[in-house]
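First up is the structure itself, then whatever we jot down about it.
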Amino acid sequence: MITFIEKVEELTEIIKQYKINNKTIGFVPTMGALHQGHVSLVKRSKQENKICIVSIFVNPTQFNDKKDLKKYVRDIDGDLNKLASSGVDIVFAPSVSEIYPDTGDAGPVINLCGLDTYMEGAFRPGHFKGVAQVVKRLLDIVTPDKLYMGQKDFQQFTIINHMIKTLHIQTELVVCPIIREPNGLAMSSRNERLTPATREKAGIIYKCLQSIKKNQNKKSISDLCNFGIKKLNVYPFQTEYLIISDGNTLKPLNNIEDTDYAVACVAVFAEGVRLIDNIILKQGH
Ligand code: AMP
């Protein structure tokens, strides 16, 4: 049975009991509008911990575009249905004032060391400061043993990993694979806003990333990116960026040989909907 909690105080009390009884806690932060990508994180968390807590909180501080915040799908009943057989123990769905009480405390200033200046950060100013702020708040409340995030948001998990290390937070980050629709499109709450025809065609994004991976040792980075952008920029798609970066620093690469951990990240607009995806080209150790 899922316990539904809206108040920080109530959750804190239950977590205290879990800790007394040595129950390990896995935590999956989400913004709701759940799909099988989210459910995969919940299942992994439940496999590896005694207790799984999912938060559903549309965080206003990470939306640089307030219209985007307004449009964000909110469907708590649908979310609870999706989670019904996932094994989740607690769904924590606080209000904005629960997470940001009017105390004037904005939380610690976290130096993101430039990780927030590339890709998403370049096009969504302030976004990752908001993400780091809310994840820090949630980790303070939930104090999980493990935190589950998706590779889908590559820059996000890289920044949260940096924050955990910098602030010596006693939580292990577990990054889970991207779950895709049958045509390869990365699952996202935003996919619902595409027309069926565009949603089908959007499989091109993953095909393009796969083709970059296949050709990474045959072409220069600029040729790979130009080729990808050309392939993607066919109506109704418009590429915002396609960048090949070092997986640790997120700095755009000039040569694939310059690192042993490289990732290609892309953001594409389709019918006013912003879709992101990525593929790891080579994985360091
Ligand atoms: P969101 O609700 O979009 O903030 O996402 C919550 C978590 O789910 C984040 O860690 C995302 O990276 C992860 N996630 C979103 N989409 C997917 C997907 N298609 N596959 C795996 N994880 C995902």
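The values are calculated or read from the model by the stated rules, or taken from the named source; none is laboratory data. Small disclaimer: the values here were computed from a predicted structure and weren't measured. Neighbour counts run over all protein chains shown; Cβ positions are idealised from the backbone, glycine included. The accessibility values were calculated without ligands, DNA or RNA, using every heavy atom of the protein model including side chains. Shrake-Rupley method; radii C 1.70, N 1.55, O 1.52, S 1.80 Å.
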If you find the alpha carbon centre of segment 6-22 and of segment 80-100, how far apart are they in angstrom?
14
Could you state the per residue volume, in Å³, of the convex hull enclosing the Cα atoms of segment 189-278?
88
What angle, in degrees between 0 and 90 and rounded to the nearest 10, separates the Cα long axis of helix 204-215 from the longest principal axis of the Cα atoms of the chain?
70
For T12 the rounded accessible area (nearest 10 Å², probe 1.4 Å, non-protein molecules ignored) is 60
Expressed in angstrom and rounded, the centroid-to-centroid distance over alpha carbons for segment 146-175 and segment 213-243 is 28
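Grab the Cα-Cα distance for E13 and K214, subtract it from 0.36 nm times how many residues apart they are, and report the gain in nm with one decimal. The partial results should precede the final answer.
On the way: separation 201, 0.36 × 201 = 72.36 nm, distance 5.12 nm.
Contour length minus the Cα-Cα distance gives 67.2 nm.
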Straight-line reach from K50: which aspartates and glutamates fall under 14 Å, measuring Cα to Cα and dropping same-chain residues less than 8 apart?
D89, D145
Which of the pairs K43/K201; K7/K146; K46/K201; K136/K201 have their Cα atoms more than 32 Å apart in this structure?
K46/K201; K136/K201
Treating only the Cβ atoms of Lys and Arg (+1) and Asp and Glu (-1) as charged, compute the dipole magnitude of the chain about its Cα centre; round to the nearest 20 debye.
800
Helix 221-232 vs. the chain, principal-axis angle (Cα, 0 to 90°, nearest 10)
80
For the chain, longest principal axis from Cα atoms; helix 8-20 axis from its Cα atoms; angle between them, nearest 10 degrees, is 80
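Going from the alpha-carbon gyration tensor of the chain, what semi-axes, largest first and in whole Å, does one get by taking the root of 5 times each eigenvalue? The partial results should precede the final answer.
Details: eigenvalues 211, 89, 67 Å².
The three semi-axes for the chain are 33, 21, 18 Å.
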Calculate, in nm to one decimal, what Y72 and V234 gain on full extension: separation in residues at 0.36 nm each, minus their alpha carbon distance.
55.7 nm
Taking the Cα centre of segment 189-278 as origin, sum charge times position over the Cβ atoms of Lys and Arg (+1) and Asp and Glu (-1), and report the length of that vector in debye to the nearest 20.
340
